[in-house]
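Encoded as structure tokens, the structure appears first; notes follow it.
Read-outs throughout are calculated quantities, based only on the coordinates presented, and are distinct from any laboratory measurement. Just so we're clear, the structure is a prediction, and the values are computed from it rather than from any experiment. Positions of Cβ are generated from backbone atoms using ideal geometry, with glycine treated the same way; all protein chains shown enter the neighbour counts.
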Amino acid sequence: MPKKSHRKRPQTANDPAPTKPAKIPSPNSSPHSVPASEISPSVEQHCQDQPTENNEQPTEKQQSQHVPNIVPMDCEVVVETTETGGGGFGSKEPKAVKENESARKGVPFEAFKLKGGEEFANSGFANSGFEKSIASDEEDENTKNSKIYVVIQQMVEDRVTAAPVGEPGEWPYFVSISDAIIKGFRKLKLGDLVEVVSYEWRNDFRQLSGSEGGNARYWIHNGIINAQAVVTVCAPNPPQQPTHQPGIVIEVRYDNKKKRMQSIVVASPGLHPSQRLFKRQFGAEFDEEIQPGMVVMVGKVQLTRPSNFKVSQLYILPEKSPFFSGGERSVFNPIVAVEINKAPFNYEFPFPPSLPKIRFSEGVLAAAISACTDRLEADLSHFTIITVPEVTHSTTNSFTAWIYQWLETKKQLVDYAKRWEEDQPLQMKLSKADKAKPCGHGFIIENWREKLETGFYLKIKISMYYQDAKKYDAYADFLRIRDGGDEGEFRPMQSLDSLNKREFRFVGRTFSDWASGDMDDARIGQALLGLGEKLPVQGLTWDNLTQRHPALSSLCEGQQQTALYMMDPIRRLVFMQAPPGTGKTYCSATIAAAILSEDPDATVLCVAPLNIATARLCEEMQKALQKAGSEIPLLALFSGNGKYRYAVHLQKISKHLLATAVSGPELQEAIKDGPEKKKVSRYLEQCAANPRQTDEGTVAKIFLGIEKRRALFCTLSLGEQIAPIFQNFSHIILDEAGQAPYSQLLSFLSLFSSIKKVLVTGDKYQLHVNMMELPPAVHHGFGLDTAIINFDNSLSVDSTTLTTSFRSHPFITKCIEAGAYADKGEKIAAGRTEDEMTLFTKNNNFKLPVKDSPLLFMHITDQMEQEETSFSSTNPRQTDATIALLHTLVPHFQGTIRVVCLYAGQTADIAQRCNEERIEEVIVTTADSTQGYEADLTIVTTTLSGRSEQVGFWAEEARVNVALSRSRHGLILIGNFSQLWRSDGIWKRYIRKGLEFTQVVTPEYLDFFTDTNAHIC
């Protein structure tokens, strides 16, 4: 038998120094689990599973006289522990993050090794070491009379399919190995190495084709690889012992004819792409009651012989395989699932107050994040467009162009349009070039849809910029695409880096170690995981607090209790439940200003999921510091896309932006000539000319290395990406937490050491995290939804509730309370009087149905219509009514006006009409994109009318709550009130309360609206 190779992969500059190996701990008892790999799955074209194969009738025979020795299976898997090492299963953490985390928690990073020193290392999509290692794969895998094969597919219950590790020569490429010939061993599994001694060719299978439609049989049929020969004598090599980690069932497929489960798809840390498993891989205790979302234990191994594979959900192929479908992903040392069993615990979420169950659950959340990354990467690959761009303008290093995609169905059009939406970042490379590297990056300017006689067209306007590549002539590729010489491959981009790191932290049990450790901020970790106990406010009363900080005296009720929790000496996580308009942002900023004034060593990091919420938080902090008489400088960071899209909103806080900070003469003098000064100069040029291209993290690092800031603002996503450049903040405030995933909040907070206080604000009853693009199996109960649903169950989270709304006219406040909060036991009192909110009710240029009432309900029964190029709908009559109202309101109303629509189609229709009829200074948005905003007058256009009575997304309470709660002085509601009433729920409760203050009118009221002589009720 040939000697087993232990050849290492080529070393890279980023590789960690090896240290003493330690055995992999059990996932149920150890403080560390198996780390996740760099995640970059490929698109898998799903095949119809048919776990049967043609009868194998040998007609030719080839045998060897050599019979190998039987070797017992005792291969051991160990873990190599490093202080700053890679992310295990192949991923590598950036150095800054590793140093930050290692210092913060003292949790060692883990990198896998096989017995014999073979390191598990792959850096994801780039596959570091891949190209170098492929040429050095085992040259001595075979003897003259035998060859080493690797098991590449295990779909059929009584046999497996294998392919040669090295060159096959005259031997068959695909062979079938029956369980019946394996004596004294367990059944063969994916990745097992087998020394094949003899085989028999199969009738009509000796010649296989790599493409469909040829004379020879295609190499794969209904997902099953066609074996060319049947093995008659073989001996397995010592197999790896699998490492077991939690996984989640993403999909279950049934055989309707046989009325039994056929296969499942599982997601698990490091398993990319997610893998389809069959009955052969199920543990003995498994039964047929497997459902999507079920938690299982997945046994996995990492493959090192050969070192490079093409991987799909259904099979793996050696990289040099002449057969492939094109949907596989090339991976260095891939991880594959070989078995699944029942989980040791009944998974619960939110977490129960049990540390062993929490440790197990961290692995489950890692699996959920893995499933999301897998779906995202698959989507990005699937929606890649290969075409010759139609260039309309070009420079030396850039061009603007149109690209086109023909699509057969409306669903395809809608799916593509979601990925190819305005401002989506893009990457470009030369198509059909095996080793082509990206040569351009850019963004989408706009897209346009068209229905054809047959199919649909998606027309996309893009802006692309040249992108350099190391040791590669990327500019030549850029010119070939720009000048129309070759097709370009245009791919939507979305950074997977944060998800990869998040998965890494969960699989490494960072959070349970944090909560159970002896660090000062362990109590914060306990509160996040539902552990610990509540503690009363200590050493502080409201009177002595307001004496020290008079500005706090403006706070009321729940705001005061929040301030006491945030200002006493106990480390706390405080959750402030805040319905619309109750002053959560003002309260947060006022408390933060007091903290900064009282403690000269305090530092505050303020984050929010949305750019607009971040900007408002900075604006409120600016006012609070002025009120407190403090001149503490602030710094607000925004991504390039954020600076571009929200430029108008950022003008109010312009003096706190990074561009302002680095353009000052003092800082310019402090930056030495060299690379850093060039980066800052380029950043300022891009802020003025093309803010999308700015690199906020790099320049912020330069600035903070010279000048410290005690109060910093950024979005949650940007903060998670660039956290290593920050100092350790003592206080962290998260605003609008309803749209912050629990897993993201945990991951983000773990990046900071010595946290004293965390304030989380949000509303349980407004919009949560958008889950539409995530696998349905992980939508609920896996930490991907809002963080705030966990806080009610936590033993040590200090919760407060704000109950006074300062935003709206009291009639509007009462309707919001009745519609969205009263049935949940919550109250909202009006913080404004009728006399304070009169922009709408006291305007003499138009007449309201009921005098002094800010509510106008317009009943329109005309039917809605579905759009030709989307599944959204419009209601032309409701559009006409909205436009008619705007023509009257805009010239005479002195406040801001916002139109909020439940349907995207209606939004586009009204926005187009406003543009065509030159109705300016009116913002038109969907309900989903209006959270965090408010306006003096809101027109809510519901669209719904005349369709099925089935209650849909238009009646989801969080969405309706957001739509109806943006108004300050007045609200106009347009819809079919009979249908809204019949839907029950929030619509009925809101309308019932509103009818105490107004009456429903028909479209004929529009003539009355501007008649100054009309009678007022």
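Cut-off 20 Å, label point 7 angstrom out along Cα-to-Cβ of K708: give me the residues of segment 609-642 whose amide nitrogen falls inside. From segment 609-642, the list is 630-637. Label 7 Å along Cα→Cβ of N844; segment 881-897 residues with amide nitrogen under 19 Å? Counting only backbone N, you get 889-895. Using R0 = 60 Å, the C-beta based FRET efficiency linking D204 and T541 works out to 0.10.
Using the Cβ-Cβ distance between D1011 and K623 with R0 = 56 Å, the FRET efficiency computed as 1/(1 + (r/R0)^6) comes to roughly 0.85.
Of the cross-linked pairs K429/K643; K310/K435; K187/K300, which ones have a Cα-Cα span greater than 20 Å in the structure shown? The answer is K429/K643. Relative protection proxy for 575-587, 388-400, 630-642, from highest mean packing down: 575-587, 630-642, 388-400 (other beta-carbon atoms within 10 angstrom). The label-point distance for N770 and D984, in a model that sets each label 7 Å from Cα toward Cβ, rounds to 3.1 nm.
Stick to the Cα atoms of segment 904-954, pair each with every other, and give me the Kirkwood hydrodynamic radius in Å at one decimal.
Taking the inverse mean of 1/r over all distinct Cα pairs, segment 904-954 comes out at 12.8 Å.
Net charge of the neighbourhood of A818, taken over other residues with C-beta under 13 Å away and scored Lys/Arg +1, Asp/Glu -1, is +2. For segment 389-486, the relative contact order works out to 32 percent when only alpha carbon pairs closer than 8 Å and six or more residues apart are counted. Compared with the direct C-alpha span, the chain from T833 to C556 gains 98.0 nm at full extension, assuming 0.36 nm per residue.
Taking the beta-carbon count within 10 Å as an exposure proxy, list D415, D434 from fewest neighbours to most.
D434, D415
Judged by the gyration tensor of its Cα atoms, with axes a ≥ b ≥ c, segment 389-486 is prolate; a/c meets the 1.5 cut and a/b is the larger of a/b and b/c.
Packing, as the average of other Cβ atoms within 10 Å across residues, places the peptides 314-323, 251-260 in the order 314-323, 251-260, highest first.
Just check segment 602-682 against the gyration tensor rule for me: Cα atoms, a ≥ b ≥ c as the square roots of the eigenvalues, rounded for a/c under 1.5, and otherwise prolate or oblate depending on whether a/b exceeds b/c. Oblate. Sparse packing (at most 11 other Cβ atoms within 10 Å of the Cβ) combined with a DSSP loop state is found for the following GluC sites (Glu not before Pro) in segment 932-984: E949.
Net charge within 15 Å of V680 by Cβ-Cβ distance, Lys/Arg positive one each and Asp/Glu negative one each, not counting V680 itself?
-2
Here the peptides 596-605, 741-750 are ranked by packing, the mean other Cβ count within 10 Å, and the order with the highest first is 741-750, 596-605. Our Cα-only numbers for segment 810-1009 put the radius of gyration and Dmax at 15.7, 47 Å. The simple spin-label model puts a point 7 Å past each Cα toward its Cβ; for R682 and T801 those points are separated by 5.4 nm. Beyond 24 Å in Cα-Cα separation lie the following of the pairs K418/K701; K824/K988; K357/K501; K679/K756; K320/K437: K418/K701; K679/K756. Would you mind classifying segment 258-344 by shape? Square roots of the alpha carbon gyration tensor eigenvalues, ordered a ≥ b ≥ c; an a/c under 1.5 is rounded, otherwise it is prolate if a/b is larger than b/c and oblate if not. Prolate shape, in that a/c is at least 1.5 and a/b is the bigger ratio. With neighbours defined as other Cβ atoms within 10 Å of a residue's Cβ, the residues F806, F504 order from fewest to most as F806, F504.
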